[in-house]
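The values are calculated or read from the model by the stated rules, or taken from the named source; none is laboratory data. Computed from a predicted model, the values in this text were never measured in an experiment. Glycine gets a Cβ as well: all are built from the backbone with ideal geometry, and neighbour counts include every protein chain shown. Surface areas here come from the heavy atoms of the whole protein model, side chains and all, with no ligands, DNA or RNA. Shrake-Rupley method; radii C 1.70, N 1.55, O 1.52, S 1.80 Å.
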Amino acid sequence: MKLSRHFTKKEMECPCCGDMKMENDVIQAIESVRVEYGKPIRLTSAYRCPGHNHGMGGIGASPSSSHLEGLAIDIVCETSRERYGLMRHLLQHFTRLGFGDGFIHADLDHLNKSPNVIWDYYQKDVPK
């Protein structure tokens, strides 16, 4: 079942249970990015049920993950040129972006989180 011209329900549902509670604003935002970017966009994660989110460990396991509310997506991004191209368009439609090794996280979670931020998921050495 298509949710938009370029994205299906299967791409946005929880992989463990098939639930799909994505907010329409997120679906419309990623569709706009896809049209403007002009190339296929592959999602690695969209809606996550609490059980799936908890079982992930590490990145994304946060009990306050925006994926739990259907407000976030993760996009495959393998090169710096690809990251630049995607980020140019994502910044026009999403209020929060994070990037890590091989992916970009984009969300519209403005309920309890700061808008207009970009962060990375890379581990940093913290001086003691």
> What number of residues within region 10-44 satisfy the criterion of being open to solvent by less than 60 Å² (accessible area, probe 1.4 Å) and under 17 Å from Asp74 (Cβ atoms)?
Replying inline: 15
> Of these, Arg42, Arg88, Arg81, Arg5, which one is among the basic types (Lys, Arg) and in contact with an Asp or Glu (Cβ under 7 Å, 6 or more places away or on another chain)?
Replying inline: Arg5
> Taking only pairs six or more apart or across chains, which ones have beta-carbon atoms under 9 Å, a first residue in region 1-19 that is farther than 18 Å from Gly38 by Cα and touching a residue at least 40 places away in the same chain (Cβ under 8 Å), and a second residue that is among the small types (Gly, Ala, Ser) and open to solvent by less than 60 Å² (accessible area, probe 1.4 Å)?
Replying inline: Met12/Ala46; Met12/Gly70
> Restricting attention to region 30-49, does a residue exist that is touching a residue at least 60 places away in the same chain (Cβ under 8 Å), at negative phi and among the hydroxyl-bearing types (Ser, Thr, Tyr)?
Replying inline: yes
> Looking at (1) modelled with pLDDT of 95 or more; (2) closer than 22 Å to His110 by Cβ; (3) surrounded by fewer than 19 Cβ atoms within 10 Å (Cβ to Cβ); (4) in contact with a helix residue (DSSP H, G or I) (Cβ under 7 Å, 6 or more places away or on another chain), which is the only condition Pro50 fails?
Replying inline: (1)
>> Checking Ser64 against (1) touching a His at 6+ places or on another chain (Cβ under 6 Å); (2) open to solvent by 30 Å² or more (accessible area, probe 1.4 Å); (3) of a type outside the set (A, V, I, L, M, F, W, C): exactly one of these is not met. Which one?
In response: (1)
>> Among the residues of region 73-82, are any more than 22 Å from Pro50 (Cβ to Cβ), open to solvent by less than 10 Å² (accessible area, probe 1.4 Å) and not hydroxyl-bearing (Ser, Thr, Tyr)?
In response: yes
